[in-house]
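Below is one structure, written out as structure tokens, with a few remarks after it.
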Amino acid sequence: HQLHKEPGFFVTLTRTKDKFLDLDERSKIANEKQGDIFISIHANSAPHAEDKGIETYVLNNTADRAAQKLATAENSNSRSSELGFILSDLQINSKVDESSRLAFFVKSALIKNLKTSYAAIINRGVKQALFYVLLGAHMPSIMAEVSFLSNPVEEKRLRSKKYQTEVAKAIAKGIKRYFDEKDKPEMYVKAGR
């Protein structure tokens, strides 16, 4: 709701209640609304309770085993087929640079904003993986992992309305920065940095 207040921004949420929506349906809504960007916000999880931090993802092939493992876990909730990934390879390549810029600005804003009020905010970077939730989007798209539910400290933060509001404010700042910098030459960030 942070961007609703900003002139020139129209925000569509894929859902307003805690109910499951198939991964394919999420990007489909963004396409139907002819969105300029698509952001899927998630809480991360890991087998080790000490894992923590914030990371953003763009849709692309990767050799990073941790990213592949996360994508496999996330994708298990989808009805999509692997054929979709093969057919969309050209589409992925055409969006990866703009998606990487968006991912960088959102991740940077999250880290900067949250570090002012919370200890041990870990920057896990911008990464690439094959996430179904991003596959069908016809615009720059990212997945933001805003903390780990499997980490007791971060899980407590995620339950806090204050933390949720700070996350939303930070994502809004990152989006605004992306659009402010969009047409500036060579303001370019590649995934992985």
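The values are calculated or read from the model by the stated rules, or taken from the named source; none is laboratory data. For clarity, every value in this text was computed on a predicted model and none was experimentally measured. For neighbour counting, all protein chains shown are included, and Cβ atoms are generated from backbone atoms with ideal geometry for every residue, glycine included. Surface areas here come from the heavy atoms of the whole protein model, side chains and all, with no ligands, DNA or RNA. Shrake-Rupley method; radii C 1.70, N 1.55, O 1.52, S 1.80 Å.
Observations on the structure shown:
- Residues of region 134-157 that turn out to be assigned to a helix (DSSP H, G or I) and open to solvent by less than 30 Å² (accessible area, probe 1.4 Å), as a count: 3
- Subset tally (residues that are within 15 Å of residue 37 (Cβ to Cβ) and of a type in the set (S, T, N, Q)) for region 123-156: 1
- Selection from region 159-175 of residues that are open to solvent by 30 Å² or more (accessible area, probe 1.4 Å) and in a helix (DSSP H, G or I): 159, 161, 162, 164, 165, 166, 168, 169, 173
- Residue match in region 59-72 (condition: modelled with pLDDT of 85 or more and not polar (S, T, N, Q)): yes
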